[in-house]
1. Report the net charge of residues surrounding Thr108, where surrounding means a beta-carbon distance below 12 angstrom and charges are Lys +1, Arg +1, Asp -1, Glu -1.
2. So what J values fall out for segment 197-205 if you push phi through Karplus, 6.51 cos²θ - 1.76 cosθ + 1.60 with θ = phi - 60°, rounded to Hz, Gly and Pro as x?
3. Compute the signed sum of charges (Lys and Arg +1, Asp and Glu -1) over the other residues within less than 14 Å, Cβ to Cβ, of His62.
4. Extension gain Ala59-Val86, at 0.36 nm per residue separation less the Cα-Cα distance, in nm?
5. Out of [x] 59, 43, 38; [y] 70, 52, 35; [z] 108, 48, 38, which label holds the value of Cα extents along the principal axes in Å that was computed here?
6. Hey, fewest Cβ within 10 Å first, where do Glu50, Glu313, Glu299, Glu191 land in order?
7. Quick one: Phe235, Phe111, Phe247, fewest Cβ neighbours within 10 Å first, how do they rank?
8. How about segment 50-108: which chymotrypsin sites (Phe, Trp or Tyr not before Pro) there lie in a loop by DSSP and see at most 13 other Cβ atoms within 10 Å?
Amino acid sequence: MRIGSGLSVLLPIAILLGLGTGHSFPQIGSNLGAVIDPLVLTLLFLVFFEMRFSPLRKASDHLGFLSLAWVSNFIVIPALAWVLAVLFFGSQPALYAGLLLYLLFPCTDWFLAFTRIAGGDVALGSVLIPINLISQLLLFPIYLGLFIGSDTSLDLIGIGKTFGQWFLIPLLLAMSVRFLISKLLGPDRFEAIPRLVGSLVPWTLSVLVFCIFSFHSPQLVIHSQTFPLILLAVFMFFVLTWLMGEFFARSFRLSRPKHILFSMTTTARNSPLVLGLATIALPDQPLVYAVLIIGMLVEFPHLTVLSRLFLREGRRFSPSEGHPVTST
């Protein structure tokens with residue numbers, strides 16, 4: 001099951017089942033709270049295990065594009081995210097924090113599948129993935145203090161230490177297990193293992209979502225009237241990032257494959273990883289988690305539509321150029 005298509009089906013089911021379970025069987029919902037932390041560690045382990053850092057060796061061949069993508073993802077988009085978060089939820093700290101965290105960080109996995117579908121530069125996208133992952137892991141605590149610590153009433157004392165401990169455990173474990181398995185199986189037989197691990201991500205994430213919504217169902221039901229506003233904010237973000245992508249792609253005369261890749265990486269968000277990190281850095285904040293989860297409900301249909309638009313538009317472009325094909 002591809003992560004994007006799988007989650008578009010699994011997430012709504014997990015949300016509804018979670019709310020229903022927590023409302024109808026409060027004791028079960030309360031007990032499910034005990035498995036949230038282990039599920040978070042499992043999710044982070046799976047995400048880190050799937051990650052490949054070897055493409056970084058090719059980064060020096062594409063410094064121009066990678067610099068443009070990095071500045072867009074980690075400077076321009078965070079500024080846009082902050083504006084939208086203040087505009088929609090400036091007086092509601094938890095919703096503000098949730099929306100901001102959802103919008104801040106670029107995807108490190110499924111955007112590549114949509115890039116492939118749309119005919120984008122997949123090879124260059126594989127170089128972008130470890131850069132995005134390393135950057136957001138380093139910037140997560142910085143952005144948390146910069147955008148959230150001073151603007152909300154959330155308690156951020158000790159987040160750096162807690163984040164470091166919870167992040168390092170699954171990261172080091174994933175890297176160690178990956179190294180050992182690759183040595184035991186050899187490169188050829190190991191090749192299928194990361195794909196298998198990646199296929200477990202949507203299921204693990206969906207179980208985590210189910211447990212979060214079950215455990216926190218009373219608070220989430222009370223604030224359910226804010227869900228449409230969350231969807232509107234996320235939709236506006238996708239419209240604005242698409243316009244930004246078109247502007248930058250044309251201004252820097254990106255080739256069509258790079259244009260597609262740039263649009264996908266600046267659109268897709270890293271919800272699974274950020275959800276895991278948010279539960280660590282901001283414990284007992286169900287509205288923060290809810291925003292991260294609800295945002296994904298808009299994201300996958302948007303990426304699907306974006307892929308189809310690029311495919312339809314592709315008939316007007318030559319295979320090697322980023323310019324329309326003119327008929328004689």
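None of the figures in this text is laboratory data; all of them are computed from the coordinates on show. If you're wondering where the values come from, they're calculated on a predicted model, not measured in any experiment. Note: ideal-geometry Cβ built from the backbone for every residue, glycine included; neighbour counts use all protein chains shown.
1. Working: positive: Arg52, Arg269; negative: Glu50, Asp109.
Taking every other residue near Thr108 into account, the sum is 0.
2. My calculation for segment 197-205 gives 4, x, 5, 7, 4, x, 5, 5, 4 Hz in order.
3. Details: positive: Arg57, Lys58, Lys258; negative: Asp61, Asp121.
Within the 14 Å Cβ shell, the charges total +1.
4. Numbers: separation 27, 0.36 × 27 = 9.72 nm, distance 3.53 nm.
Gain in length upon complete extension: 6.2 nm.
5. [y]
6. Numbers: Glu50 22, Glu313 15, Glu299 26, Glu191 11.
In increasing order of surrounding Cβ atoms, one gets Glu191, Glu313, Glu50, Glu299.
7. Details: Phe235 14, Phe111 28, Phe247 10.
Fewest-to-most Cβ neighbours within 10 Å comes out as Phe247, Phe235, Phe111.
8. Working: sites: Phe53, Phe65, Trp70, Phe74, Trp82, Phe88, Phe89, Tyr96, Tyr102; in loops: Phe53.
Here the chymotrypsin sites (Phe, Trp or Tyr not before Pro) that fit, given the DSSP loop and packing criteria, are Phe53.
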